[in-house]
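This report refers to the structure that appears directly beneath it.
The values are calculated or read from the model by the stated rules, or taken from the named source; none is laboratory data. Worth saying up front: this structure is predicted, and the values here are computed from it rather than measured. Note that each Cβ is placed from the backbone with ideal geometry, even for glycine, and that neighbours are counted across all protein chains shown. Just so you know, the surface numbers come from the protein's heavy atoms only, side chains and all, with ligands and any DNA or RNA stripped out. Shrake-Rupley method; radii C 1.70, N 1.55, O 1.52, S 1.80 Å.
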Amino acid sequence: MVAKDTDKDGIPDIYDNLPNYPNPNQVTGKGTVNSAGGYPSFTPNVPGIQLPGLPPARYASPDEAKEWFKYLPTKNKAMYNDFIADLARKGIAKKYAQLVWNDAVGWTQSLGSTSGNPFEYLNVMDPSMYRAEGTGPKYGTQAVKDTRITQYSGSSAAQQINDEMERRLGRRATQAEIDAYTAGVNAAAKKEPSTYQGTTTTAAPKGKNTMGSTTSTGTQGTGFDPTMFARNFAMSRPDYAESFAANTFLGLVEKLLKDPNAIGNVVGS
């Protein structure tokens with residue numbers, strides 16, 4: 001008996017979670033022959049695992065995805081902290097982070113899965129699966145504080161100071177000035193992190209909330225704004241005074257050209 005394959009993608013309908021048309025986001029399964037009985041076996045097609053930083057056509061294997069998260073704190077601390085903060089809001093301790101991630105990877109590769117993004121697992125998971133028994137109440141209110149520091153890349157900092165230098169001095173910044181500004185703006189940003197502070201309340205299952213409910217309330221404070229820092233940096237350049245004087249003189253000349261009779265007002269001012 002030949003297995004039915006509606007969309008002609010080489011994947012029998014019984015294993016294809018999208019049997020009516022090929023799905024470019026799925027990793028095509030490969031049929032093999034069982035040497036013991038001669039019956040065909042099949043690895044079902046599942047979404048490719050998507051990780052931040054990978055090219056669009058590059059998917060990670062389950063092992064690669066787990067290793068990626070294991071070393072994430074050393075490569076992208078901000079993204080790792082965001083993940084830990086999400087777990088905290090669900091009442092899950094940091095020590096379970098790798099376990100949750102491994103399950104998230106497995107979730108993307110399970111039969112019938114339609115998402116290759118492990119982060120989406122946090123939207124459908126049951127938080128109670130990751131709370132140790134006998135370590136305290138599962139439900140209640142806990143304080144949450146999330147502090148984030150903005151780190152400006154070289155290209156971002158260069159754009160900021162070049163725009164300000166052109167506006168104030170009529171020229172672009174030198175490489176030495178860009179390097180000095182980048183170091184300075186990042187040092188200043190560390191002193192003014194953005195903060196979220198509030199509480200998260202986890203309630204027991206009730207009514208339609210069969211998995212319980214979580215409510216977060218808090219205040220988000222703004223962090224460092226580089227606008228004033230860039231302005232002060234540009235105005236501290238040695239040629240700023242000369243540029244300011246030249247622009248002021250040109251402004252007076254332009255005013256006289258528009259209204260020659262205003263010379264008395266210009267001189268008097």
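The helices (runs of 4 or more DSSP H) found entirely in segment 63-117 that carry 1 or more residues being among the basic types (Lys, Arg) and at negative phi are 72-75, 77-89. Restricting segment 54-78 to residues that are hydrophobic (A, V, I, L, M, F, W, C) and open to solvent by 50 Å² or more (accessible area, probe 1.4 Å), the residue that is farthest from Tyr130 (Cα to Cα) is Ala57.
Residues of segment 147-163 that are open to solvent by less than 20 Å² (accessible area, probe 1.4 Å) and touching a Phe, Trp or Tyr at 6+ places or on another chain (Cβ under 7 Å): Ala157, Ile161.
The requirement of being among the hydrophobic types (A, V, I, L, M, F, W, C) and either farther than 14 Å from Pro52 by Cα or in contact with a Leu (Cβ under 9 Å, 6 or more places away or on another chain) (or both) is satisfied by Ala65. The selection criterion, being over 24 Å from Thr202 (Cβ atoms), without any contact (Cβ under 8 Å) to a residue 60 or more places away in the chain and open to solvent by less than 30 Å² (accessible area, probe 1.4 Å), holds for Val105.
Using the structure shown, decide if Asp82 is open to solvent by 70 Å² or more (accessible area, probe 1.4 Å) and either at pLDDT 90 or above or out of contact with any Lys or Arg (no Cβ under 8 Å at 6 or more places or on another chain) (or both). Judged against the criteria, Asp82 is not a match. Against the numbered list (1) open to solvent by less than 70 Å² (accessible area, probe 1.4 Å); (2) modelled with pLDDT under 90, Pro238 comes up short only at (1).
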